[in-house]
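The values are calculated or read from the model by the stated rules, or taken from the named source; none is laboratory data. In this text the structure is predicted, and so the values were computed from the model without any measurement. No Cβ is skipped: glycine too gets one built from the backbone with ideal geometry, and neighbour counts run over all protein chains shown.
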Amino acid sequence: EIDTAGDGFFASFDGPARAIRCACAIRNAVRTLGIELRSGLHTGECELVGDKPTGVAINTGARVAAKAAPGEVLVSRTVKDLVAGSGIEFEERGTHQLKGLAGEWQLYGVSSAK
């Protein structure tokens, strides 16, 4: 965890496949407690302002999470493309407008993160 926002938190990883697997593991663990987590992942350049991460990638990840259904790990096309060949499988979730971001964003739900 590197920062919090309301009832959510932000985390950074050294690779998108690790981020996906962690999000799936957290989702599976809290599901046993009756909690339905929504996760959104994006990757890109970030800046630190003091000790807080900021930048378009942080905002995009939060906007992707806002589109996730309860219990879903949702990723941007950028993340999906970067993990090609990792064994992680996805289902298309359509094209979306993300609040405060230009253009349309193709999003994918993680269906298997072996």
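Worth a mention:
- Residue that is modelled with the lowest pLDDT, among those in the stretch 27-45 that are buried (at least 16 other Cβ atoms within 10 Å of the Cβ) and among the hydrophobic types (A, V, I, L, M, F, W, C): LEU37
- Some residue of the stretch 2-9 being surrounded by fewer than 17 Cβ atoms within 10 Å (Cβ to Cβ), in contact (Cβ under 8 Å) with a residue 24 or more places away in the chain and aliphatic (A, V, I, L, M): yes
- Residue that is closer than 18 Å to ALA17 by Cβ, of a type in the set (A, V, I, L, M) and either free of Cβ contacts under 8 Å to residues at least 24 places away in the same chain or surrounded by 11 or more Cβ atoms within 10 Å (Cβ to Cβ) (or both), where the choices are VAL79, VAL56, VAL49: VAL79
- Condition check for VAL64: touching a His at 6+ places or on another chain (Cβ under 8 Å), surrounded by 13 or more Cβ atoms within 10 Å (Cβ to Cβ) and more than 17 Å from GLY100 (Cα to Cα): no
- Per-region count, the stretch 56-74, residues part of a loop (DSSP other than H, G, I, E, B), small (Gly, Ala, Ser) and touching a Gly at 6+ places or on another chain (Cβ under 7 Å): 1
- Within the stretch 26-50, the set of residues being within 13 Å of the chain's Cα centre (by Cα) and either among the aliphatic types (A, V, I, L, M) or outside any loop (DSSP other than H, G, I, E, B) (or both) comprises ILE26, ARG27, LEU37, SER39, GLY40, LEU41.
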